[in-house]
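In what follows, a structure is listed as structure tokens, so that the remarks can point back to it.
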There are 2 protein chains.
Amino acid sequence: MKTQMRAEQTRARIIAAAEGSIARQGYDATSVDDICRAAGVTKGGFYHHFPSKQALFVEILESWLSKLDVSLEEVGADAATVPERLLRMGQLGGHILNQRSGQLRILLEFWVQAAHDPTVWEAATAPFRRYQQSLAVLIGSGIDEGTLEGVDSRVAGQAIVSLGVGLILQSLLDPQGSDWGHVVQESVRVLVDGLRRRG
Amino acid sequence: MKTQMRAEQTRARIIAAAEGSIARQGYDATSVDDICRAAGVTKGGFYHHFPSKQALFVEILESWLSKLDVSLEEVGADAATVPERLLRMGQLGGHILNQRSGQLRILLEFWVQAAHDPTVWEAATAPFRRYQQSLAVLIGSGIDEGTLEGVDSRVAGQAIVSLGVGLILQSLLDPQGSDWGHVVQESVRVLVDGLRRRG
């Protein structure tokens, strides 16, 4: 039991060290040696937990996304209508953007690595498709309940994901350029207004 | 005269070779040697035209953007209203996304380099701010002419730029994931509907 706890702690230290190093100096410039040094583990310890730097990288992404999934599910659970639920998801997105810009920087690295590496590509694009799909289903329910207008729900889902991705990217590149959390909330509001059923 | 023409041709060959190589293998992996080999110029010839690989990189970005500026200006010049003008800009954006995905891939490289390199950062973020600003002015005119509702025009400008950036990124990462040109047009339409003045 103690051994397992220590293993969990080592794993968590490796992940935290990798997040810090990748955010500071980028994925390519971060070596397994750097991560081991920052985490205070041996190379053997590293490879006991992760087969490769790439596998660790993919695991970081997937662990964030599964936390995000839970939060998105919770925040909208008791909303009375689909537009209300989308607005709450926008508010959550705004908070995340304001609080996690250090972590989000790694996302940018994922997207670039994805352009060159099929395994990372799979891990980076699968969530986009999943969010597009969930949003399309949600917008479809909005059309059914009569709060949203007859748009192509698949396209609307892709538009919302694109907006989110673009806001993440812009807030990373130009953190001082705006109050990005506010821009997220307002953008989602405008988009939801565009989808709402008229009169 | 002939010498100047030859110089222009060499410059154009260097730019084309760099665009190809960066799009295929990324900015970091592309050396000045690679570019010279692909362009059929000597290293001396390269440095006669560009002080560094970075300077060439920045010039590629700026030359695209100035062409884009002209096209965006032209496409909306005779639109009767601001919403109409925004929709036409969306259509143009859709065409560009469908036709230039090879070139656009370099944009992704710019954004990543920008996170590590202050000169590239300046060249990569300045256009975002400029487009945000122009769109804010345009949306302001729409509010004045009574076709758009009283939104914060600055935030609306940032939302539109974010949507564009996100669509570029998603179409690059997942070209088979959708008819992205269509998604661009539809997204802009939904966003413009969200900004429109109600009845």
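The values are calculated or read from the model by the stated rules, or taken from the named source; none is laboratory data. The shown structure was predicted, so the numbers you read here are calculated from the model rather than taken from an experiment. Cβ atoms come from the backbone with ideal geometry, glycine included; neighbour counts cover every protein chain shown.
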Qualifying residue in the range B:118-134 (condition: charged (D, E, K, R) and under 21 Å from A:V192 (Cα atoms)):
no
Go through (1) modelled with pLDDT under 90; (2) over 16 Å from the mean Cα position of the chain (by Cα) one by one and return the number of the condition A:S141 breaks.
(1)
A:L56 vs. criteria under 30 Å from A:G177 (Cα atoms) and hydrophobic (A, V, I, L, M, F, W, C)
no
Evaluate the following for B:K67: is it at pLDDT 95 or above and not β-branched (V, I, T)?
no
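In the set A:A124, A:A136, which member is in contact with a Leu (Cβ under 8 Å, 6 or more places away or on another chain), in the same structural domain as A:V58 (by TED's automatic domain parsing) and not β-branched (V, I, T)?
A:A124
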Over the range B:167-199, the set of residues within 17 Å of the chain's Cα centre (by Cα), of a type outside the set (A, V, I, L, M, F, W, C) and at pLDDT below 90 is B:Q170, B:S171
Scanning for something in the same structural domain as B:V58 (by TED's automatic domain parsing), of a type in the set (D, E, K, R) and not in a helix (DSSP H, G or I), does the range B:144-154 turn up at least one residue?
yes
Considering only residues that are among the polar types (S, T, N, Q) and closer than 16 Å to B:E109 by Cα, look in the range B:1-51 and name the one that is surrounded by the fewest Cβ atoms within 10 Å (Cβ to Cβ).
B:S31
Go through the residues of the range B:161-173 one by one and say whether even a single one is surrounded by fewer than 18 Cβ atoms within 10 Å (Cβ to Cβ) and either under 30 Å from A:Q113 (Cα atoms) or in contact with a strand residue (DSSP E or B) (Cβ under 8 Å, 6 or more places away or on another chain) (or both).
no
Quick one: is B:S101 at pLDDT below 85 and of a type in the set (S, T, Y)?
yes
Looking at the range A:174-194 only, could you name the residues that are part of a loop (DSSP other than H, G, I, E, B) and either more than 7 Å from every other protein chain (Cβ to nearest Cβ) or crowded, with 24+ Cβ neighbours inside 10 Å (or both)?
A:D179
For the condition at pLDDT below 85, within 18 Å of B:A159 (Cα to Cα) and within 12 Å of chain A (Cβ to nearest Cβ), what is the one hit in B:A124, B:A115?
B:A124
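Scan the range A:146-160 for residues that are at pLDDT below 90 and either facing chain B (nearest Cβ under 7 Å) or crowded, with 20+ Cβ neighbours inside 10 Å (or both) and jot them down.
Selection gives A:V151 alone.
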